[in-house]
Structure formats: structure tokens, C-alpha cells
Amino acid sequence: MLQSNQRIARIAAHINPPNLQMVEEDSGLERVNCRAKGASSGFKVAILGAAGGIGQPLAMLMKMNPLVSVLHLYDVVNAPGVTADISHMDTSAVVRGFLGQQQLEDALIGMDLVIIPAGVPRKPGMTRDDLFNINAGIVKTICEAIARCCPKAIVNIISNPVNSTVPIAAEVFKKAGVFDPKRVLGVTMLDVVRANTFVAEIMGLDPREVDVPVVGGHAGVTILPLLSQVKPSCSFTQKEIDYLTDRIQNGGTEVVEPLARILRIDYFADPIDVAKAGAGSATLSMAYAAVKFADACLRALRGDAAVVHCAYVASEVTELPFFASKVRLGRNGVEEIYPLGPLNEYERAGLEKAKKELAGSIQKGVSFVRK
Ligand SMILES: NC(=O)c1ccc[n+]([C@@H]2O[C@H](COP(=O)([O-])OP(=O)(O)OC[C@H]3O[C@@H](n4cnc5c(N)ncnc54)[C@H](O)[C@@H]3O)[C@@H](O)[C@H]2O)c1
């Protein structure tokens with residue numbers, strides 16, 4: 001009887017944090033007794049914001065990743081249920097749930113990779129400033145905890161506005177004396193994933209074979225697809241370039257407001273009740289993109305060579321302190337940042353616009369922490 005109670009307690013222990021377990025006092029069945037083990041060689045990954053629209057499918061896909069041995073799921077709501085659900089998948093990663101700020105540090109201790117989709121997506125009636133203020137505070141708090149608990153972890157930031165949340169993370173780490181520019185990466189993979197897909201649609205190619213560098217940042221005109229550098233080499237008409245650039249820069253709008261976009265209505269000025277309208281932004285394609293990027297980070301940590309992807313990082317590629325471009329990932333995070341390569345006139349004009357807007361977003365992030 002005692003033995004079976006202990007086994008049951010162990011299972012509860014690895015799914016739920018101590019304050020959610022129904023364990024008798026002094027029974028010796030605390031979480032510390034958990035015997036659950038993951039794959040022998042693997043990385044420890046935490047997802048913060050794991051119960052959200054992006055967080056849930058992201059958690060599911062990371063549980064399927066053979067490079068992950070331990071998966072920590074943290075959120076301020078619903079973490080235990082999501083953790084129980086994901087933990088039933090018969091893949092090797094051990095899943096543990098953490099609920100509420102008092103368990104944030106436990107969620108982070110010992111992690112190799114921390115993925116942050118915590119925050120709110122933009123909703124009707126919400127200004128960009130509203131979104132900034134909420135998410136900036138969330139990312140700041142989370143990064144303060146990362147600085148204390150796992151300062152050597154690779155950090156993947158998804159929470160918007162990425163153009164500002166990455167500078168916020170950097171400032172927090174600098175303040176704590178642990179900033180390593182190689183380890184803080186803004187996830188712009190969704191822009192690349194969309195660009196590959198949209199180019200493949202136009203050119204009649206398999207999206208898996210298409211590689212579009214997308215540089216700059218992760219909002220509107222700061223998203224700069226370099227269509228002159230697409231692989232395999234493609235030649236586009238000016239009409240196609242305009243169409244693709246606009247679609248890649250505003251891909252999120254197709255998800256948030258599909259009908260409004262077709263009707264050319266400003267959804268946020270005049271919300272109408274359609275599709276995902278108001279119910280959220282890109283979550284499924286974002287989870288896919290986040291996993292594609294996280295998997296690349298883990299393969300690089302393992303020592304794989306030639307892992308190259310676009311990411312928004314501390315950079316000297318332009319005069320701005322942060323910029324998205326192709327980077328080579330390695331055991332320490334960003335090992336090399338590639339220059340932009342030759343740009344055509346259209347792209348040079350786009351770059352100037354992107355830099356102007358990015359400069360303001362970076363400054364806004366920095367000021368948020370320094371204020
Ligand atoms: N980088 C990108 O390409 C990209 C793409 C799409 C969305 N996003 C951004 O990702 C973020 C999440 O989007 P979503 O659709 O999943 O939103 P969501 O509201 O569905 O989920 C967010 C989750 O974060 C949790 N959360 C809130 N405060 C938290 C805190 N302090 N600590 C931990 N968790 C907290 C919420 O409880 C919720 O479960 C948004 O900021 C959104 O704009 C980024």
C-alpha cells in the first residue's frame with residue numbers, strides 16, 4: 001500500500017508543483033522524491049506563458065522533440081492542467097508545471113533554453129502603447145528571474161513588441177551584470193516561415209526548399225524580406241515584389257482580421273466580427289516557427305555545425321544596437337552574425353525606413369528599464 005502510494009505521489013510530483021499536490025505532511029512523498037527521468041541525453045527547456053495560445057501548441061511540439069529531456073511549463077493561469085495534458089504524451093521528455101510568480105524561480109533553475117511567449121497579443125481597442133506597457137513589464141520580471149536562476153541559458157523572446165522586448169531583456173541582464181549578447185535572441189522565425197511560404201506559392205515551389213532572408217525587426221516596415229537573395233534564385237516582377245513585401249510585413253493581419261484585410265478596413269479603428277477577430281493573433285504558425293527556432297538552438301547547443309537562421313539580436317550589422325539578420329548558432333548561442341549582403345535599390349530604401357522605426361522601438365525598450 002505504502003509502495004503504491006509512493007508511486008502515485010511521484011507521478012503527481014513531476015507534473016505539479018508542491019503546492020498543488022495532495023500529499024500528506026511528513027509522508028516522505030515530496031517532489032524531491034520524484035524518480036521520473038527523461039531521455040538520457042537532452043536539454044532542459046522552460047516555456048514561460050505555456051498556457052497561452054502560442055504556449056500550448058509550443059509545449060506540445062517541444063514535448064515531441066527528442067532533444068528535450070525536461071520541459072518546464074510556467075504560466076500565471078492553467079499551468080497544472082496544461083502540464084497534465086501534455087504529460088500524457090508518450091514521448092520521453094519529463095514535463096513539470098509551475099503556477100504563479102512564487103514558482104517562477106523553480107521553473108527556471110537549471111534550464112538550458114528559456115522560451116518566452118508570455119504576455120498579451122494585441123486585441124481590438126488596445127493601443128500599441130497598452131500592449132507595450134503590459135508586455136514590457138512581464139518580460140522585465142521574467143528576465144530578472146532568469147538573471148538570478150539561469151543566467152547562462154539561451155533565451156528566445158517571442159512576446160511582442162519583439163523590437164522593444166529584446167532591448168528590455170538586454171537592459172535587465174546588464175543591470176544584473178549577466179548580459180551575454182550571444183544568448184538573447186528575438187524570435188523572428190515566423191516572418192521567415194511566412195516569407196518562404198508566400199514565395200513558394202508565387203513561384204510554384206516546395207516551401208521547404210525556399211530560403212528567404214528576412215532582416216530588420218519584427219513589426220510592419222521593420223520586417224524587411226531580401227527578395228533579391230532568395231534561394232533558389234528567383235526573379236520577381238516589381239508587382240510581385242510589392243505584393244510579397246506587403247504580405248510578409250502584414251502577415252499577422254490575415255490571421256487577426258481576414259475579412260477586414262480583404263475589404264481594406266482598418267480593423268483596429270473599426271472592429272468587425274470575423275474569424276479569429278478579437279480572439280487572438282497567430283498562434284499555430286507561431287508555435288511551429290518557435291519550435292523550428294528552438295530546435296535549431298538545441299542542435300547548435302549539441303554542437304551541430306552550420307546552424308544558420310535569422311534572429312533579432314544585439315548586432316553591429318548596422319548602426320543600431322539591435323537588428324535581425326542571419327546568424328550562425330553554436331554552443332554559446334550566436335557565434336557569428338552575417339552582414340546583409342548586396343541590397344538592391346528597393347531594399348536599400350526599405351532598410352532606411354526600417355531603421356528609422358526600429359531606432360524608436362529600441363529606445364522605448366531601453367528607457368522602460370532605465371526610467
Ligand atoms: N514573435 C512573434 O513572431 C509573435 C507572433 C505572434 C504573437 N506573438 C506574441 O506572443 C505573445 C503571446 O501571444 P498568445 O497569442 O500566446 O497570447 P495569449 O494571451 O493566448 O497567451 C499568453 C499567455 O501568457 C500568460 N501570461 C501573462 N502574464 C504572464 C506572466 N507574467 N508570466 C507568465 N505568463 C504570463 C497568459 O496567462 C497566457 O497564458 C504576445 O505578446 C503576442 O503578441 C509574437
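Read the figures in this text as sums done on the coordinates, not as results from a lab. What you see is a predicted model, and the numbers here were worked out from it, not measured in a lab. So basically every Cβ, Gly included, is an ideal-geometry build from the backbone, and we count neighbours across all protein chains shown.
Could you give each residue of the range 78-94 its phi-based ³J(HN,Hα) in whole Hz, using Karplus coefficients 6.51, -1.76, 1.60 with θ = phi - 60°, and x for Gly or Pro?
6, 4, x, x, 4, 5, 4, 4, 5, 5, 6, 5, 8, 10, 7, 4, 7
Based on the mean of other Cβ atoms within 10 Å per residue, sort peptides 164-173, 335-344 so the most packed one is first.
Listed from highest to lowest mean packing, they are 164-173, 335-344.
When the dipole is taken about the Cα centre of the range 189-370, and only Lys, Arg (+1) and Asp, Glu (-1) are charged at their Cβ, what size is it in debye, to the nearest 20?
I would put it at about 440 debye.
Please work out the Cα center distance from the range 288-336 to the range 190-225, rounded to the nearest Å.
Using only Cα atoms, the two centres lie 17 Å from each other.
Taking amide H positions as placed in the peptide plane 1.01 Å from N, state which residues far from Asp211 in sequence (5 or more) or on other chains have amide H under 5 Å from it.
HN-HN under 5 Å from Asp211: Lys231.
Karplus couplings for the range 203-209 from phi (6.51 cos²θ - 1.76 cosθ + 1.60, θ = phi - 60°), rounded to Hz, Gly and Pro as x?
8, x, 10, 7, x, 5, 8
Taking every pair of alpha-carbon atoms in the range 189-370, give the share separated by more than 30 Å as a whole percent.
21 percent
Can you run phi through the Karplus equation (6.51, -1.76, 1.60; θ = phi - 60°) for the range 332-337 and list ³J(HN,Hα) in whole Hz, with x for Gly and Pro?
10, x, 6, 8, 8, 10
Amide H of Phe43 versus every other amide H placed in the peptide plane: which residues, excluding those fewer than 5 positions away on the same chain, fall under 5 Å?
Val68, Ser69, Val70
Can you list residues from other chains, or at least 5 along the same chain, whose modelled amide H is less than 5 Å from the amide H of Phe322?
HN-HN under 5 Å from Phe322: Ser315.
Based on alpha-carbon positions alone, could you give the equivalent ellipsoid semi-axes of the range 29-169 from the gyration tensor, as √(5λ), descending, whole Å?
Each semi-axis is the square root of five times an eigenvalue, giving 26, 16, 14 Å.
When a/c is below 1.5 the answer is rounded, else prolate if a/b is larger than b/c, else oblate, so apply that to the range 320-371 with a ≥ b ≥ c taken from the square roots of the Cα gyration tensor eigenvalues.
In terms of gyration-tensor shape, oblate.
Among the listed pairs Lys239/Lys356; Lys175/Lys371; Lys123/Lys371; Lys123/Lys364; Lys182/Lys371; Lys140/Lys353, give every one whose C-alpha distance is greater than 18 Å.
Lys239/Lys356; Lys123/Lys371; Lys123/Lys364; Lys182/Lys371; Lys140/Lys353
Using a cut-off of 15 Å between beta-carbons, work out the net charge of the residues near Ala195 (Lys and Arg +1, Asp and Glu -1, Ala195 not included).
Result for the local shell: -4.
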